[in-house]
Structure formats: C-alpha cells, structure tokens
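Student: Structure incoming, see below.
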Amino acid sequence: MALWVDKYRPKYLVSEKNGIDYHLAQAQHLKFLASDCMPHLLFCGPSGAGKKTRIKCFLRELYGTGVDKTQLIMKPFTTPSNRKLEIQTVSSNYHVEMTPSDMGIYDRVVVQDIVKEMAQMSQIDSGSQKSFKVVVLCEADSLTRDAQHGLRRTMEKYANNCKMILCCESLSRIIEPLQSRCIVINVPAPTDDEVTKVLRNVIKKEEFALPDAVLQRIVEKAEGNLRRAILMAEAIRMENEAGVSSNAQIPVPEWETYLQETSRLILLKQSSDMLLKVRERLYEILSRCIPPAVIFKVISFQINH
C-alpha cells in the first residue's frame, strides 16, 4: 500500500485533476519551459515545499508518461585512484536521477561520468521525442566546489544532448557561475491555508474524519512542510482507526524527541561530563543518518525557545 504522499502526489503541472495545488503561476511558467528549447533548471526551496513533485511533473510534461517507467540502477564508476564504487540512480529511457553528494569527495567524478554517458546515448525513438536527455541532481547544494566547477564545464560541453535539473534547499551554497547557467525556480513553502486545503482534499479522498482542532495542530507542527503534514495525518489515521478525537496526540518522530532531550541536557548543566554525554548522543543520532544540518537546526531551535 502506497503512502499518502505518493498516492496523492500531483501528476501534472496544470490540470483540474491531479494537478499542482499551489504556486499555480509558477506551474504555468514551468509548462511553458517544457519544450525543445528547455534550459538548465535550478529548483530551490525548503524541504517539503514541492520541488521534487514539480520536477516529476515537468519531466512528464516534457516526455509524457514514459518517465514514470523507472528502475533502480547501480551505476559503477572508477575514481582517479582506481577505486571502483557504485552510486544508486533512478532511471527511465529519458532521464536519470541521483544524489552525487552521497559519494563525498568523489562527487565530481560521478557527475562527469554520468552526464557524459547520458549525452552519448541517443533516444530510442528520436522521431517522436526530444533530442536531449535530462539529468536530475538532488541535494546539489551539498556538492563540493570541485564538483560544481566541473559540472559547470560539463553543462557547457554537452548542452545540446543533456539538460540539467538541479534541486537544492540553499541557493547560497551553489556557486554563481552554476546559477548563471540555469533558470532558478524558487519554490517557497506553502502557506498554512494551502497546507490545510491539501490535507482536506486528501482526507476527503480517504473518507477519513479528522477534527478541525487536530488538523490545525498538524498544520502548525508541519511548519510549511507539506510532506510532513500528510505523513502526520496518515500516522494519526493508523493509530486511531476507530476514530480520531479532538484531543488526539500528534505523533513526533523518535529522532526529534531524542534531539529535544539532548537540547534539555545542554541547558541543564555545562560541565565536562555533560559535554561527553551530549557528544555521545550526537554521535548516536548521526549514525541513524539524520543530516547534520537538521540536527543543528532542531537543537538551535530548542535552545532558543
């Protein structure tokens, strides 16, 4: 069974059914850009704002439903020191999506190899499809400077055969030469009213009764993160199958509760023993693959409030 965030993800940029729910003027602009003269694009915005959804809708507008037929492929590559590594990609006949920053200092090699490979591959049906393929780079703001400079040169070299779509949260960590070669699509977080509207539509389709008081608390806790809001609504549904009362508790991820407790310890006592204890807790949460930037953000918020 698919999660609600996947089940009700919009499929089209502009459509009365399964279309984008907010930032409609931006969706119209993206529809215009989905042409034979497509430029390189740089999507920027906070987590849960809808960047990936818009990228998927854009690709569907560009190539049709063929982009939905994807497969998970492990792409091998060789580092300058002859180490053989693999990176996980999601590929269709028309595009490839990956997160090269997962490879650390070898991200430059990954980007150049994958883009070169895509540029040299011709479309299966060149008569009915675009003459280029698309490479989607997630977490582009986590790329090293070397990788970003290498990507800039690679984009110029293969511009006719391979178009780039970069996805990031912080535009300030993208070098200026790379920004200048893309059209920047800023995707702001949805407003509380927009999140409420989307949640009501999802709840209606699921034939699920959710009290307005609980809905309001979900929207407040989501803080503009639509994905998180939908996941919280689904979690409440799973925990209260017999019915949701107006005082139902909003589930909080365990890692967030763990960080809240860590913040409390930081404020409780400033000593060498407490420092060691806090450091041990931070190592523990890092081992669970929680991004350092997220850890820093949550702890800073808890300490200041």
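Student: Need one number: convex hull volume per residue for the range 192-239, Cα atoms only, in Å³. Before the final figure, lay out each step's value.
Tutor: Details: hull volume 3.1 nm³, N = 48.
Expressed per residue, the convex hull around the Cα atoms of the range 192-239 is 64 Å³.
Student: Sticking with this one: Put a dot 7 Å past each Cα toward the Cβ at Trp255 and Asp193; how far apart are the dots in nm?
Tutor: 3.4
Student: State the Kirkwood hydrodynamic radius of the chain in Å, one decimal place, computed from all pairs of distinct Cα atoms. Each step should come with its number before you reach the end.
Tutor: Details: mean 1/r = 0.0463 Å⁻¹.
Radius from the Kirkwood sum: 21.6 Å.
Student: Additional query: Can you tell me the length gained on complete extension of the stretch Met38 to Gln120, counting 0.36 nm per residue apart and subtracting the Cα distance? All intermediate terms of the calculation are to be shown ahead of the outcome.
Tutor: Working: separation 82, 0.36 × 82 = 29.52 nm, distance 1.84 nm.
Gain in length upon complete extension: 27.7 nm.
Student: Taking amide hydrogens as modeled 1.01 Å from N in the peptide plane, which residues meet the under 5 Å criterion relative to Val187, leaving out close sequence neighbours?
Tutor: The answer is Cys44, Gly45.
Student: Mind checking which lysines have their C-alpha under 18 Å from Lys157, skipping anything on the same chain fewer than 8 residues away?
Tutor: Lys116, Lys133
Student: Using only the alpha-carbon atoms of the range 28-99 as identical scatterers, what base-10 log of I(q)/I(0) does the Debye formula give at q = 0.15, 0.19, 0.24 Å⁻¹?
Tutor: Evaluating at q = 0.15, 0.19, 0.24 Å⁻¹ gives log10 I(q)/I(0) of -0.65, -0.90, -1.14.
Student: Please give the length that would be gained between Gln88 and Asn186 if that part of the chain were fully extended, namely 0.36 nm times their separation in residues minus their C-alpha to C-alpha distance (nm, one decimal). Before the final figure, lay out the partial values.
Tutor: Details: separation 98, 0.36 × 98 = 35.28 nm, distance 2.68 nm.
Length gained, Gln88 through Asn186: 32.6 nm.
Student: Can you give the translational diffusion coefficient of the range 203-305 in µm²/s, computed by Stokes-Einstein from the Kirkwood radius over Cα pairs at 25 °C and 0.890 mPa s?
Tutor: Numbers: Rh = 15.6 Å.
Answer from the Stokes-Einstein relation: 157 µm²/s.
Student: Follow-up. Let me spell out the model: positive unit charges on the Cβ of Lys and Arg, negative unit charges on the Cβ of Asp and Glu, origin at the Cα centre of the range 254-304. What dipole size does that give, in debye rounded to 20? If you can, show how the numbers build up before the last one.
Tutor: On the way: 7 positive and 6 negative charges, 28 e Å.
The dipole magnitude comes to about 140 debye.
Student: Which of the three applies to the range 254-304, rounded, prolate or oblate, going by the alpha-carbon gyration tensor with a ≥ b ≥ c and a/c under 1.5 meaning rounded? Mind dumping the intermediate values first?
Tutor: Working: a/c = 2.00, a/b = 1.31, b/c = 1.53.
It comes out oblate by the Cα gyration axes.
Student: Of all the C-alpha pairs in the range 38-78, what % are more than 13 Å from each other? Spell out each step's value before the answer.
Tutor: Numbers: 543 of 820 pairs.
When all Cα pairs of the range 38-78 are counted, 66 percent exceed 13 Å.
Student: Once the convex hull of the C-alpha atoms of the range 4-186 is built, how many Å³ does it hold per residue, rounded to a whole number? If you can, show how the numbers build up before the last one.
Tutor: On the way: hull volume 22.1 nm³, N = 183.
Cα-based convex hull of the range 4-186, divided per residue, equals 121 Å³.
Student: Now a separate question. Modelled label-to-label distance, Ser15 and Glu176, 7 Å Cα→beta-carbon offset: nm?
Tutor: Here the modelled spin labels are 4.2 nm apart.
Every number here is computed from the coordinates shown, using simple stated rules; none is lab data. These numbers were taken from a predicted model, which means no experiment stands behind them. Cβ: placed from backbone, ideal geometry, glycine included. Neighbour counts: every protein chain shown.
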